[in-house]
Structure formats: C-alpha cells, structure tokens
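What follows is one structure encoded as structure tokens, with my remarks underneath.
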Amino acid sequence: MVQCSMHKSKAIELLGGNTTAAAKAIGISYQAVNQWPDDLPPRIADRVDAAVARSSLQGKATQSLVQAPLSMKCYLQHSQIPQK
C-alpha cells in the first residue's frame, strides 16, 4: 500500500532544509510554512512537488528528490479518471 500523504518535515527537507528556504521555493512566507499541518493536504503537497520539479529542471536536484512526486502518484492511484 502506498502512503499518500506528504509530511511537513519531508516537504521542508525537499525544499531546502528550513522553513525560510521552503517558503522561498514556493513563494510564500515562512509564517505560512510554520502553519502547515504535519500531514500536508494535496494542494500544498502539489506545490511542493512542483517546486521540486522546477529545481530539478534547473540542475539543483539531490538524491532525495527521487521521492518527491508521491502526491501525483497518489492522485493518479485514487482519481476517478479511467485508466487506459
């Protein structure tokens, strides 16, 4: 079974390791990052995935980025869209 939630600590790690870097990566304030719940809702996890993908395309990828698109996998797994 695939775990379909992204944890706040993992998101911050993927986005630079601290709340300031995470906030800058997705264009929000560090106060907003501090208010994130421990289990991120899909809308925030999607923003994290997008920021990680942008970073990867700019050549700033790290080993931990391999696990980043988890929320997209979960969306596809649980969506009502017929799979071909």
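Highest mean first, what order results for 22-35, 42-55 on Cβ atoms within 10 Å? Don't skip to the end; give the middle numbers.
Numbers: 22-35: 15.2, 42-55: 18.0.
The packing order, highest mean first, is 42-55, 22-35.
What is the sum of charges, Lys and Arg at +1 and Asp and Glu at -1, for the other residues whose Cβ falls under 13 Å from the Cβ of residue 19?
+1
Please compute the net charge surrounding residue 32, taking Lys and Arg as +1 and Asp and Glu as -1 over other residues with Cβ under 13 Å from its Cβ.
That sum, taken over residues with Cβ under 13 Å, equals +4.
Here, each number is a calculation from the coordinates, and none is a lab measurement. Given the structure is predicted, the values throughout are model-derived calculations rather than measurements. Cβ coordinates were reconstructed from backbone atoms using ideal geometry, including for glycine residues, and neighbour counts include every protein chain displayed.
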